[in-house]
Amino acid sequence: MLDNREEESKMKRIVTGRTADGRDGIISSGSVDPVAAMPGSRNETRLCWSTTGAIVVPRDASEPMPEFTRAPQAPGDSRFLLLTFPPGSATPVHVTPTCDYVVIVIGELWLIMDDGDECRLEAGDSVVQNGTLHAWENRADGPCIIAAVMIGAETG
């Protein structure tokens with residue numbers, strides 16, 4: 001049995017699709033375990049879903065998740081992540097060839113842009129990150145959890 005702290009850190013994923021009897025229902029469920037964090041960062045990343053190429057709606061319990069890579073590698077590829085930033089943690093300044101939809105789920109986080117602009121974000125706030133140089137920093141006393149969908153984009 002897990003103690004409360006371990007139980008709280010468990011996150012689950014439910015996948016819906018067409019069941020064997022031809023009805024729509026839950027086709028997969030289980031925990032979302034941490035994967036490798038970005039080098040130079042202490043954040044905890046959980047990959048919830050991933051696609052490559054054209055998105056195909058699953059009609060069985062198969063997993064469309066390719067081997068984990070930091071960001072989508074081609075336009076249209078996607079990643080759905082949950083990231084936990086411990087207090088006092090930060091990412092290096094980085095850029096990905098993606099359009100990212102980010103929502104602060106718990107806590108607060110600072111978005112730091114390449115030009116020096118900074119923005120404090122709280123639970124419920126969202127960011128559309130369009131392939132720009134940025135960093136994340138948790139300046140709070142508690143953890144911050146964000147949900148992010150990264151979609152591979154053309155860069156010019």
*In nanometres, what is the gap between the two model label sites at Val149 and Val93, each 7 Å from Cα along Cα-to-Cβ?*
3.0
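State the extension gain, in nm to one decimal, for the chain segment bounded by Trp49 and Cys119, taking 0.36 nm per residue of separation less the distance between their alpha-carbons. Don't jump to the answer; show the numbers that get you there.
Numbers: separation 70, 0.36 × 70 = 25.20 nm, distance 2.79 nm.
That works out to 22.4 nm of additional length.
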*Mind giving me the FRET efficiency for Ile106 and Ala20? R0 is 30 Å, r the Cβ-Cβ distance, nearest 0.05 is fine.*
0.25
*Just subtract the alpha-carbon distance of Ala36 and Leu133 from 0.36 nm times their residue separation and send over the number in nm, one decimal.*
32.8 nm
_Can you compute the charge dipole magnitude of the range 76-147 about its Cα centre, using +1 on each Lys and Arg Cβ and -1 on each Asp and Glu Cβ, nothing else charged? Give it in debye, rounded to the nearest 20._
220
*Given the peptides 122-130, 146-154, arrange them by the average over their residues of other C-beta atoms within 10 Å, most packed first.*
146-154, 122-130
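Throughout, read-outs are computed from the coordinates displayed, never taken from laboratory work. Since the structure is predicted, the reported quantities are computational estimates derived from the model, not experimental observations. Cβ: placed from backbone, ideal geometry, glycine included. Neighbour counts: every protein chain shown.
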